[in-house]
Amino acid sequence: MVKVGLTGGIGAGKSEVSRLLASYGAVIVDADRIAREVVEPGTPGLAAVVEEFGAGVLASDGTLDRPKLGGIVFADPERLKALNAIVHPLVGARSAELEASAGPDAVVVHDVPLLAENGLAPLYDLVIVIDAAPQTQLDRLVRQRGMTEDEAKSRMAAQATREQRLAIADLVIDNDGPLAELEPQVREVWERLRNR
């Protein structure tokens, strides 16, 4: 088994790279998706978030109001730490379960947005960083995700810098250009992973 950590700043293109790697046969362990699962209604994770942040972070249907919670935690580093202290251990446990269920010859790609921030690089055989210029990230967040420029900058500021991510990279995929330039790079990385 090859354990890969995949990371990049918000709007850098991790989801697209994960999708491509999955299409080639990688087992994807998506930390963002798992983070949503562990705070679904009825879970201990959601109960802990409500205990920490109050019932005001719930939508009328009992689900987590992610934009409301995001507005709280991305404006206050201490509140973000409190949220991470709840969610990260739950995500880690679920990720370990998924990895354990992959075959011995699998390439397991952990899509981890906060890999650099949480010092997780040593957990993987190698780290792939999806790199895009901050202006490219900002443009994608505003254009494709409908964030205001201030919201996008706040999310970006809560993450590691580009330099911090590149410092932990074993492989870098440049995603500053159009989608057509991404696929050949990802295919080349996949071949390298299969040959390990």
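The values are calculated or read from the model by the stated rules, or taken from the named source; none is laboratory data. Note that the structure is a prediction, hence the values are computed from the model and not measured. In this analysis, Cβ positions are derived from the backbone assuming ideal geometry, glycine residues included, and neighbour counts consider all displayed protein chains. These area figures cover heavy atoms from the full protein model, side chains too; ligands, DNA and RNA do not enter into them. Shrake-Rupley method; radii C 1.70, N 1.55, O 1.52, S 1.80 Å.
Details
- Residues located in region 172-196, provided they are free of Cβ contacts under 8 Å to residues at least 60 places away in the same chain and surrounded by fewer than 16 Cβ atoms within 10 Å (Cβ to Cβ): 174, 176, 177, 178, 180, 181, 184, 188, 191, 192, 195
- Here the condition is being assigned to a helix (DSSP H, G or I) and in contact with a His (Cβ under 9 Å, 6 or more places away or on another chain); of 47, 35, it holds for 35 alone.
- Selected residue [over 17 Å from residue 19 (Cβ atoms), of a type in the set (Val, Ile, Thr) and assigned to a strand (DSSP E or B)] from 127, 142: 127
- All of 188, 117 fail the test of being of a type outside the set (A, V, I, L, M, F, W, C) and in a helix (DSSP H, G or I), apart from 188.
- Complete set of residues in region 114-134 that are open to solvent by 30 Å² or more (accessible area, probe 1.4 Å) and at pLDDT below 95: 114, 117, 118, 119, 120, 123, 134
- For region 1-18, filtered to residues that are touching a strand residue (DSSP E or B) at 6+ places or on another chain (Cβ under 7 Å) and part of a helix (DSSP H, G or I), the residue that is surrounded by the fewest Cβ atoms within 10 Å (Cβ to Cβ) is 18.
- Filtered by the rule that a residue be at pLDDT 95 or above and either closer than 23 Å to residue 136 by Cα or basic (Lys, Arg) (or both), region 20-32 gives 20, 21.
- The numbered conditions (1) under 16 Å from the mean Cα position of the chain (by Cα); (2) at pLDDT below 95 are all true for residue 75 except (1).
- Residues that are open to solvent by less than 80 Å² (accessible area, probe 1.4 Å) and among the polar types (S, T, N, Q), drawn from region 159-171: 159, 161
- Residues in region 98-113 that are assigned to a loop (DSSP other than H, G, I, E, B) and exposed (fewer than 15 other Cβ atoms within 10 Å of the Cβ): 101, 103, 104, 105.
- Index of the failed condition, residue 69 passing every other in (1) of a type in the set (A, V, I, L, M, F, W, C); (2) free of Cβ contacts under 8 Å to residues at least 40 places away in the same chain; (3) within 29 Å of residue 193 (Cβ to Cβ): (3)
- Just so you know, in region 19-76 the residues that are more than 30 Å from residue 189 (Cα to Cα) and hydroxyl-bearing (Ser, Thr, Tyr) include one that is most open to solvent (accessible area, probe 1.4 Å), and it is 60.
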